[in-house]
Each structure stands twice: as C-alpha cells, then as structure tokens.
Amino acid sequence: MPIIVNLDVMLAKRKKRSRDLAAYVGITEQNISTLKNGRVRGIRFSTLEKICEFLDCQPGDLLAYDPEDDDR
C-alpha cells in the first residue's frame, strides 16, 4: 500500500513504549501493533489526535505516501 505508517519510528525517537501509548490512547496493544505494521484500513481522527498528543508530533510525522510502494 502506498501509505506508510511510521509509528514505530516516532515511538523510538520519543523513547516511548507501545504499551504506554496504548494506555494513553485507550486502545489495545494489539491495535497499536496492527497500526505500526501498516495492516489497518483506517484510523479515527480522535485516535490519531491522541497519538499525536502522546508523541508530541504532527500526523505527517506518522504517515507518508510512497506511490512506488504499491505491493497490493
């Protein structure tokens, strides 16, 4: 898919754990893992907002578009 999720990169840059993010956002660690691996079809804006609050970042820091990465 040409949309790339860089959540794992931002977690590493901010030295935060997925478990802490999941607790802050109010979703399961499994859902965070699914999001990190790019296996989601959508994300609620409220969830994206909480992730950005926790990581002190912009949505563009988490998502990228690469038309060459269309593996599906």
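Every number here is computed from the coordinates shown, using simple stated rules; none is lab data. Note that the coordinates shown come from a computational prediction; the quantities given were computed from them, not determined experimentally. Here the Cβ is made from the backbone with ideal geometry for all residues, glycine too, and neighbour counts use every protein chain on show.
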Does segment 30-47 include one or more residues that are in contact with a Gly (Cβ under 9 Å, 6 or more places away or on another chain), among the aliphatic types (A, V, I, L, M) and loosely packed, with under 15 Cβ neighbours inside 10 Å?
no
Select from segment 48-60 the residues that are over 18 Å from Lys15 (Cα atoms) and surrounded by 15 or more Cβ atoms within 10 Å (Cβ to Cβ) and list them in ascending order.
Leu48
Scope segment 1-38; condition of a type in the set (A, V, I, L, M) and touching a residue at least 12 places away in the same chain (Cβ under 8 Å); matching residues:
Met1, Ile3, Ile4, Val5, Leu7, Met10, Leu11, Leu21, Val25, Ile27, Ile32, Leu35
Inside segment 1-29, can you point out the residues that are touching a Phe, Trp or Tyr at 6+ places or on another chain (Cβ under 9 Å), surrounded by 14 or more Cβ atoms within 10 Å (Cβ to Cβ) and assigned to a helix (DSSP H, G or I)?
Leu21, Tyr24, Val25
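For segment 54-71, how many residues are in contact (Cβ under 8 Å) with a residue 12 or more places away in the chain and not in a loop (DSSP other than H, G, I, E, B)? I'd like the intermediate steps shown before the answer.
Start the filter on segment 54-71 by keeping residues that are in contact (Cβ under 8 Å) with a residue 12 or more places away in the chain, which leaves 54-57, 61-71.
Filter once more, so that each one left must be not in a loop (DSSP other than H, G, I, E, B): 54-55, 61-65.
Total meeting the criteria: 7.
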